[in-house]
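The values are calculated or read from the model by the stated rules, or taken from the named source; none is laboratory data. The structure displayed is predicted, hence computed values, not measured ones. Counting neighbours? That spans all protein chains shown, and the Cβs are built from the backbone with ideal geometry, glycine included.
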Amino acid sequence: MKLNRFVIPLAVFAALVVVFAVALKRAPEKQFVRSALLGKPAAEFQLPDLLKPGTNFDSRTLKGRWVLLNVWGTWCVECRAEHAQLLAIQREGKVAVIGLNYKDDDDAARQWLKELGNPFDAVPVDPEGRVAIDYGVYGAPETFLINPEGVIVDKVVSVITPEIWQQRLLPIIEGKAK
Amino acid sequence: MKRFATALLLALVAPVFAIDTSAPLQDPAQQARYQALIHELRCLKCQGETVADTQAMFGEDIRRQVREMVGSGKSDADVRQYMVDRYGEIILLRPAWSAQNAWLWLAPALCLLGGAFIAWRILRQRRSLLETDTSEVTDEARP
């Protein structure tokens, strides 16, 4: 009984320390918002195409292909960090890379692609962020992996690192992920 | 005094203008609903803030969306469901009552009950000690 007095509070305290330590360590990689849209059909949209002025990009043309829908803007600092990886993914040719230009300036966006290279098959322009709301976007970069049936199978908030591409997204595309 | 009161009022009013600069909806009832709704949605970009209180781009867009939906006759439930469908339940500052959220709502009551139970046991133990063990209470110690 005497022992309980110290052992029980100590055990509770130790358990709390472990829980908090694990939660804190995992917090940065754990997404604050796990998208509500995983497993749901990706919203269809028609938006002007930055790369083909005067024409609209229609998301329905993507059916039947794996799609990486990347939400970006020239105001987004992390997008610059992500750019090289997007170029690499485009070179690999396993997915259609679509760059939803989010709340940006058309000229600045064109300039950016000219300077850094263009990793995108199409660049639908969403200046007011309306399509972004349909995709539950709250910042940039955010990237959706959409399967050939048009269903959102994964979402990456923040930068796609080579590790995320190699170990998380690519295995899904190649059917190796559970 | 009047001047002071005016200055005070202006000081209090200023922050209201700072965030939401959109024109109010024509119908005051709709405007009130719009105001209520944006105060119950979480700004996901900034976490601790509501959509009403944030200057983040995200808040601006969500406010516009809510305003348009309320203006076009959508109900409060429609707006909440629209947001939950896209952003998940986290966007609601007051989580809905559901099986999954039950622990969240019940946790405070359970903690209180648990605490009360422990307190009750300690008190009972002390009382029984007093009743059974009188060895240290001597006649001199009694008043």
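When residues of the range B:105-134 are filtered for being modelled with pLDDT under 85 and more than 14 Å from chain A (Cβ to nearest Cβ), how many remain?
5
Filtered by the rule that a residue be touching a strand residue (DSSP E or B) at 6+ places or on another chain (Cβ under 9 Å) and among the polar types (S, T, N, Q), the range A:124-166 gives A:Thr143, A:Asn147, A:Ser158.
Each row is one residue, and each column tells you yes or no for (1) surrounded by 17 or more Cβ atoms within 10 Å (Cβ to Cβ); (2) within 11 Å of the chain's Cα centre (by Cα); (3) of a type in the set (A, V, I, L, M).
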residue	(1), (2), (3)
A:Ala108	no, no, yes
A:Phe120	yes, no, no
A:Glu128	no, no, no
A:Ala132	yes, no, yes
A:Thr143	yes, yes, no
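In the set (1) more than 14 Å from chain B (Cβ to nearest Cβ); (2) modelled with pLDDT of 95 or more, the condition left unmet by A:Arg168 is number (2).
Looking at the range A:78-178, the helices (runs of 4 or more DSSP H) lying wholly inside it that each contain 3 or more residues that are more than 29 Å from B:Gln47 (Cβ to Cβ) sit at A:106-116, A:170-173.
Of the numbered criteria (1) within 12 Å of another protein chain (Cβ to nearest Cβ); (2) without any contact (Cβ under 8 Å) to a residue 40 or more places away in the chain; (3) under 30 Å from A:Gly129 (Cα atoms), the one B:Ala32 fails is (1). If you go through the range B:39-98 and pick out every residue that is part of a helix (DSSP H, G or I), basic (Lys, Arg) and without any contact (Cβ under 8 Å) to a residue 40 or more places away in the chain, you end up with 1.
Only one of B:Leu25, B:Leu129 is more than 30 Å from A:Cys76 (Cα to Cα), buried (at least 17 other Cβ atoms within 10 Å of the Cβ) and over 24 Å from the mean Cα position of the chain (by Cα). Can you tell me which?
Sole residue among the options that is more than 30 Å from A:Cys76 (Cα to Cα), buried (at least 17 other Cβ atoms within 10 Å of the Cβ) and over 24 Å from the mean Cα position of the chain (by Cα): B:Leu25.
Restricting the search to the range A:103-148, which residues are of a type in the set (D, E, K, R), in contact (Cβ under 8 Å) with a residue 60 or more places away in the chain and more than 14 Å from every other protein chain (Cβ to nearest Cβ)? Within the range A:103-148, A:Arg110 is the sole residue that qualifies.
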